[in-house]
Amino acid sequence: MNRDEVLKILRKYKKLNKEKYGLVALGIFGSFARNEQTVSSDIDIVLQTETPNLFNIVHIKDDLQKELHLSVDIVRLRKKMNPSLQRRIEKEALYV
């Protein structure tokens, strides 16, 4: 799977689940965003929701792992987060 395929799946997922989970932003960062993924790469997902809800994030992670057939790590954008991670996301993220 390549970056464009991942973004296509995320676009469709966001469109279908925006209201259900209150998705404000959805994208990728890391190796897939840089197009440097390997066969052992997971997909780093960045998202923002209208209200934080851990259960929804768990459901989103499960849904995306099923859709993408790859391991997914999710980072929720928020005001107080690790500054180096925040800079990395700001630099690399591709949103749908």
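In this structure, does Leu68 turn out to be modelled with pLDDT of 95 or more, farther than 20 Å from Met81 by Cβ and within 12 Å of the chain's Cα centre (by Cα)? Yes; evaluated as a whole, the condition is true for this residue.
Select from segment 11-26 the residues that are under 20 Å from Arg88 (Cα atoms) and either out of contact with any helix residue (DSSP H, G or I) (no Cβ under 7 Å at 6 or more places or on another chain) or of a type in the set (Phe, Trp, Tyr) (or both) and list them in ascending order.
Val24, Ala25, listed by residue number.
Within segment 58-85, residues that are without any contact (Cβ under 8 Å) to a residue 60 or more places away in the chain and under 15 Å from Asp42 (Cβ atoms) have Cβ atoms under 6 Å from residues that are outside any strand (DSSP E or B) and of a type in the set (S, T, N, Q) in these pairs: Val72/Gln65, counting only partners at least 6 apart in sequence or on another chain.
Only one of Leu64, Leu54, Leu85 is touching a helix residue (DSSP H, G or I) at 6+ places or on another chain (Cβ under 7 Å) and aliphatic (A, V, I, L, M). Can you tell me which? From the options Leu64, Leu54, Leu85, the qualifying one is Leu64.
The values are calculated or read from the model by the stated rules, or taken from the named source; none is laboratory data. This structure is a prediction, so every number in the text was calculated from the model and none was measured. Heads up, the Cβs are rebuilt from the backbone with ideal geometry, glycines too, and the neighbour counts pull from every protein chain shown.
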